[in-house]
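Take a look at the structure set out below.
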Amino acid sequence: MNSRPLKRRKVTPPRDDIQDTGNTDTKVQKAFFKNAAGWNLEQNYESKSRKAKKKEAKKNGNEVGGRLPVRTAQGSWQVHDDAESIASDADWLEGEGDDGGAEEEPETAAPEPPKIPEREQIRKAQEELAKIATQLNEDPEEYPGAFKSLARIGDSPIPAVQKLCIVTQMTVYKDVIPGYRIRPASEEVAGEKVSKDVKRLRTYEQALVAGYQGYIKTLTRHAGSTVVETRRGGQSVSSIAFTCACTLVNAVPHFNFRGELLRILVKKLSGRKVDDNFTKCLQTLETLFQEDEEGNATMEAVSLLIKMMKAREYRVDESVLNMFLHLRLLSEFAGKASQDSVTRPGDQPVGKKQKAKKEFRTKRERKLLKQQKEADKVMAHADAAVSHEERERMQSEILKMVFATYFRILKARTPHLMGAVLEGLAKYAHLINQDFFGDLLEALKDLIRESEVSKQPADGETNGTEEEEEEDDELSVIRDTSREALLCTVTAFALLEGQDAHNARSDLHLDLSFFITNLYRSLLSLSVNPDVELGAKSLHLADPDDTSSENPANRKTNKVNLQTTTVLLLRCLTGVLLPPWNIRSVPPLRLAAFTKQLMSVALQLPEKSCQAMLGVVHDVVHTHGRKVNAMWNTEERKGDGSYKPLAETIEGSNPFTTTVWEGELLRKHYCPKVREELKTMEKELKGI
């Protein structure tokens, strides 16, 4: 059995020692206060050396600086503070450094975290993106903070992760965006008491709008990037951003921040470089114009395009202006417009407004009718329906903006856009106001006169800066003057074709003889044009021996718009010989001259164009058979002199002094369809 340890007694120090210790402490304290008044602490701190700095020791339990407690002579346990020793060590080290001793050892750097391989980071990003996208696809209202998590992954400096992130976000937003526009939450709405479900829905909608706004800013930043993908066959982040923006414009054109998406596309179309992204943006806006039923998105896109072209002084590609030909709203509009005003069919003249007949209703009926109108208004707003009046208003604004752009370019005579402007005027001529006909026809006549003379800059003539000269070289074109003349003629006759027959006959007094004469003189030159059947998507094979600029294959850009030259020629001939507004008033001399010329032209044209010309002559024979029958029967001719096919005017050609002998050659044409068409026309003549 172990014996109990003996209890140690505390030895009391002698009385004299205690008194001596107390006196010593009192003296030291008095000396401290006496000397403290003369201390200059700031100067001492400034002069103190800062070469050596030691880290403070961590205090763990009773340990201070790694020292163990020791027992004093009085029997108590005490931990010695080694501040004085540390200070003396620092002084000693300073002294050693001054004397050329050992230098201070550098502090050890913290260990760097292990570097994760790029392939591993891409794999982790794919897993995280798939996880978040799955959550949002299953129940997006349950995870409103997931939109920020998606955007946070895209902050990676790795291009592959950025591509994956923006494509994943595009797919998620395309699926979760509702069919209505989300309004910003006001303070009054946010402060009112609502149910739990309504509060949950509002929180989700605001998170969706905030995330979508940040995503569009990311697309804008990536779309403006000039970094090119170095990997072979890979797409750059900029190309992926354009693809996502185009997809969202066609998928959710009704949602918030539509203007920012359209600005991305319009900014790309303002550039001079026509690449895959340019074509992608072009096709996206054409699809938007064709499929938009309401008109809000179309109106905003047209406004941005016109502002961009005006700021660029119309130095844009021709295809940008050709997008106006795909406007669905203008094809369905029934009013008339110019660059300043619009007239609708239901508009009443000023001063002749009819008063609506007032119907008697009781007070109860008026109250019920008012409530019904308010309910209908709320339902229409909830269904996001656009009223008929609002739709017509937007159509009118779009039409005014388009015509204003056409007329500015027509006035400025921008060479590379004249074909596109004339094409647009020819298509929408039935929508032009009658008050504007005179000025427009004079402008078209000037264009035909100018098209006969090729305007080339003089040698050594330089205008503008070097950048503008380079841009002019890229936009320089060889104008197809014959095509522009046909477009002017089509536009002139379309002005009358789109008007009411009674108004065209009584109110409109337009002389189109200039266009008819020009068309007659250009028939022979058009018949030997090798590009008469080539369209915008036709293949142009280059002649290896022809290096001139007249060869279409050697041009920088193919300046053929949407219709071939043959189609334009047929439209002009139909307007001249078979006008729908007054088909019986065509003079016999004009019919005979054009019939003879068309039969001669048919001998030179390709197969399909020849068949089309014979079809026009067949229609003339069917409609005006008694006026042109004499040209096939020599016994019924009445005329003096000789036939002049190269005469400057129709009257000077003297067509009734000749016969249509070209039919004998066309009977032996290699194409069976041409021979069949000729037999049908001659059978029609025998029946007259």
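Derivation of every value follows stated rules applied to the coordinates shown; laboratory data play no part. Predicted, not measured: the structure shown is a model, and the values here were computed from it. Reconstructed Cβ throughout: ideal geometry from the backbone, glycine too, with neighbour counts over all protein chains shown.
Okay, here's what the table says:
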quantity: Surrounding net charge for ALA223, when Lys and Arg each add one and Asp and Glu each subtract one, Cβ distance under 9 Å; calculated: +3
quantity: Per-residue Cβ neighbour rank within 10 angstrom, fewest leading, CYS671, CYS165; calculated: CYS671, CYS165
quantity: Dipole of the range 134-197, positive direction: furthest Cα of PRO140, VAL176, GLY154, with charges on the beta-carbon; calculated: GLY154
quantity: Length added when fully stretched, ASN250-GLU127, from 0.36 nm per residue minus Cα-Cα; calculated: 41.4 nm
quantity: Whole-Hz couplings from phi, Karplus 6.51/-1.76/1.60, listed for the range 612-623; x for Gly and Pro; calculated: 5, 5, 5, x, 5, 4, 4, 5, 5, 5, 5, 8
quantity: Check: the range 559-688 dipole with +1 on Lys, Arg Cβ and -1 on Asp, Glu Cβ, in debye; calculated: 220 debye
quantity: For TYR212, net neighbour charge (Lys/Arg +1, Asp/Glu -1) across residues whose Cβ lies under 12 Å away; calculated: +3
quantity: Cα pair distances exceeding 17 angstrom across the range 639-688, given as percent; calculated: 52 percent
quantity: Under 5 Å, built H, 5+ apart or other chain: amide partners of ILE432; calculated: ALA337
quantity: Stretchable slack from GLN213 to ARG71, in nm (0.36 nm times residue separation minus alpha-carbon distance); calculated: 44.0 nm
quantity: Integer Hz, Karplus 6.51/-1.76/1.60 couplings in order for the range 678-688, x for Gly and Pro; calculated: 5, 5, 5, 5, 5, 5, 5, 5, 5, x, 7
quantity: Nitroxide proxy distance, nm - points 7 Å out along Cα→Cβ at ARG152 and GLN206; calculated: 2.0 nm
quantity: Footprinting exposure proxy for GLU291, GLU497 (fewest neighbouring C-beta atoms within 10 Å first); calculated: GLU291, GLU497
quantity: Residues HIS622, HIS326 arranged by fewest to most Cβ contacts within 10 Å; calculated: HIS622, HIS326
quantity: Distance (nanometres) between label positions extended 7 Å along Cα→Cβ at PHE33 and LYS370; calculated: 9.2 nm
quantity: Highest to lowest packing among 393-405, 130-142, 674-686, scored as the average C-beta count within 10 Å; calculated: 393-405, 674-686, 130-142
quantity: ASP439-GLU294 pseudo-label distance in nm [points 7 Å out on the Cα-to-Cβ vector]; calculated: 3.5 nm
quantity: By average C-beta atoms within 10 angstrom, highest first, the peptides 197-204, 40-47, 513-520; calculated: 513-520, 197-204, 40-47
quantity: FRET efficiency for THR517 and GLU662, using Cβ-Cβ distance with R0 set to 30 Å, rounded to 0.05; calculated: 0.85
quantity: Under Karplus coefficients 6.51, -1.76 and 1.60, residue-wise ³J(HN,Hα) of the range 368-375 in Hz, glycine/proline x; calculated: 5, 5, 5, 5, 5, 5, 5, 5
